[in-house]
Amino acid sequence: MRLYISADIEGIAAVVSRDQLAPGKFEFESARDWMTAAVLAACDTARELGAEAIVVSDSHGTGQNIRAELMPDYVELVRSWPRPLGMMQGIEVGRYDGALLIGYHAGGSNPAGTLSHTMSGEFFHEVRLNGVVVPEAGISAAIAGHFGVPVLMLAGDDVAVAEATALLGDIASATLKTSTGWLSAMVPPPQEAERRLRAGVRDAIGRIGQVAPYAMSGPVTLEIRLRTRLMAEWLALVNGIERLDAYTIRYRADDMIGISRFLMFLTSIRKAIE
Ligand SMILES: [Zn+2]
């Protein structure tokens, strides 16, 4: 068995504030440790059930949150940006039995969910693929789907879990905390969060072969509602980027690889002009 894990930080149990997301700020080092512990618990559970190899992509912020020195010998880590497949880089290498999304959060236009956003809170308000509003979990699932890999599980707050199961169908899940607002949550003790995560991974592995990949057939249309009209105006200067209204742009690609590359381009230039 070979598994893929994409790990974010906002959906990790005790993460509730923006400071915890950024190097140098309050409790960021703790948040890294919690994220690393969650990834290790998922890997360890999968290993017990027969996983021979696992690729983990560190998919938050700098892409260098997970403590690389603590990874066991059967885990390969994808670190830093930019990378064409974004939060799913590594999914293109070899054959996987399934993908797990750990520490994921709800999407930018969902009024609920702790630290909800889609890719960049300051840049994007909402992302749609072929007309369907998708959180990051949906984008990741569609990239995995391009390679024929099903997402078996999502671990995050209750809102992210509800979004993912509504979009992806009958997948396993682990509710690591209960959202009580954008910057608050009810957080179980670490042992309980770990118990839920391990149970979710066991459930996910039991579903191998039963979950269909979330695949987009044919060309994919991406629509992004931006946070400011000026961003929409600038992007619409580029041939191939259409402006749908004051805040919304549209881009088409042959497949999810093209969409992922475009998203990575946008989030990279956004970082460059900050
Ligand atoms: Zn993140």
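Considering (1) under 22 Å from P188 (Cβ atoms); (2) open to solvent by 10 Å² or more (accessible area, probe 1.4 Å); (3) touching a residue at least 24 places away in the same chain (Cβ under 8 Å); (4) more than 13 Å from the ligand (Cβ to nearest atom), say which one C43 fails and leave the rest.
Exception for C43: condition (2).
How about region 219-239: which of its residues are open to solvent by less than 50 Å² (accessible area, probe 1.4 Å), in contact with a strand residue (DSSP E or B) (Cβ under 8 Å, 6 or more places away or on another chain) and not hydroxyl-bearing (S, T, Y)? It would help to see each step written out before you state the result.
As a first pass, look at region 219-239 and keep what is open to solvent by less than 50 Å² (accessible area, probe 1.4 Å): 220-224, 226, 231-232, 235-236.
From what is left, the residues that are in contact with a strand residue (DSSP E or B) (Cβ under 8 Å, 6 or more places away or on another chain) are 220-224, 226, 232, 235-236.
Within region 219-239, V220, L222, E223, I224, L226, A232, L235, A236 meet the criteria.
Could you list, in sequence order, the residues of region 164-179 that are surrounded by 15 or more Cβ atoms within 10 Å (Cβ to Cβ) and over 13 Å from G11 (Cα atoms)? Walk me through how you get there before you give the answer.
Here is the first cut: in region 164-179, the ones surrounded by 15 or more Cβ atoms within 10 Å (Cβ to Cβ) are 164-165, 167-168, 171-177, 179.
Correct list: T165, L167, L168, I171, A172.
Among the listed residues G113, G181, identify the single one that is touching a residue at least 40 places away in the same chain (Cβ under 8 Å) and within 23 Å of E223 (Cβ to Cβ).
Values: G181 fails: within 23 Å of E223 (Cβ to Cβ).
Within the list G113, G181, the selection yields G113.
Which condition from (1) open to solvent by less than 10 Å² (accessible area, probe 1.4 Å); (2) touching a Pro at 6+ places or on another chain (Cβ under 9 Å); (3) more than 16 Å from the ligand (Cβ to nearest atom) is the one that A37 breaks?
Condition not satisfied by A37: (1).
Looking at region 46-64, which of its residues are of a type in the set (S, T, N, Q) and either outside any loop (DSSP other than H, G, I, E, B) or under 18 Å from G94 (Cα atoms) (or both)?
Restricting attention to region 46-64, the residues satisfying the condition of being of a type in the set (S, T, N, Q) are 57, 59, 62, 64.
The answer is S57, and nothing else.
Would you call E163 in contact with a Lys or Arg (Cβ under 8 Å, 6 or more places away or on another chain), acidic (D, E) and under 26 Å from R250 (Cβ atoms)?
No: the conditions fail for E163.
Give region 2-17 a look and list any residue that's open to solvent by less than 10 Å² (accessible area, probe 1.4 Å) and away from the ligand (no atom under 13 Å from the Cβ), or say none. Write out each step before concluding.
To start, the set of residues in region 2-17 that are open to solvent by less than 10 Å² (accessible area, probe 1.4 Å) comprises 3-12, 15.
Listed by number, the residues that qualify are L3, Y4, I5.
Taking region 1-39 as the search range and keeping residues that are assigned to a helix (DSSP H, G or I) and more than 17 Å from the chain's Cα centre (by Cα), which one is farthest from V56 (Cα to Cα)?
Start the filter on region 1-39 by keeping residues that are assigned to a helix (DSSP H, G or I), which leaves 19-21, 28-39.
Adding the requirement that they be more than 17 Å from the chain's Cα centre (by Cα) leaves 19-20, 28-30, 33, 37.
Working: D19: 24, Q20: 21, F28: 20, E29: 19, S30: 20, D33: 15, A37: 13 Å.
Step by step, filter region 1-39, then rank; the result is D19.
Return only the number of the condition from (1) free of Cβ contacts under 8 Å to residues at least 24 places away in the same chain; (2) buried (at least 16 other Cβ atoms within 10 Å of the Cβ); (3) of a type in the set (D, E, K, R) that D255 does not satisfy.
Condition (1) is where D255 drops out.
Within the set of pairs 6+ apart or on separate chains, which have a first residue in region 58-72 that is under 14 Å from M87 (Cβ atoms), a second that is open to solvent by 40 Å² or more (accessible area, probe 1.4 Å) and of a type in the set (A, V, I, L, M), and C-beta atoms under 7 Å apart?
D58/L77; I66/L77
Of the conditions (1) more than 20 Å from A31 (Cβ to Cβ); (2) free of Cβ contacts under 8 Å to residues at least 40 places away in the same chain, P189 fails just one. Which one is it?
(1)
Test A99 against the criterion of being buried (at least 18 other Cβ atoms within 10 Å of the Cβ), closer than 18 Å to M256 by Cα and within 15 Å of the chain's Cα centre (by Cα), and give yes or no. It would help to see each step written out before you state the result.
Values: buried (at least 18 other Cβ atoms within 10 Å of the Cβ): yes; closer than 18 Å to M256 by Cα: yes; within 15 Å of the chain's Cα centre (by Cα): yes.
Yes: the conditions hold for A99.
Give me the pairs: first residue in region 76-87 and of a type in the set (S, T, N, Q), second residue open to solvent by 60 Å² or more (accessible area, probe 1.4 Å), beta-carbon distance under 6 Å, and six or more apart or on different chains, which are they?
S80/Q64
The values are calculated or read from the model by the stated rules, or taken from the named source; none is laboratory data. Nothing here was measured: the structure is a model prediction, and the numbers come from that model. FYI the Cβ positions are ideal-geometry reconstructions off the backbone, even for glycines, and counts take in every protein chain you see. Surface areas here come from the heavy atoms of the whole protein model, side chains and all, with no ligands, DNA or RNA. Shrake-Rupley method; radii C 1.70, N 1.55, O 1.52, S 1.80 Å.
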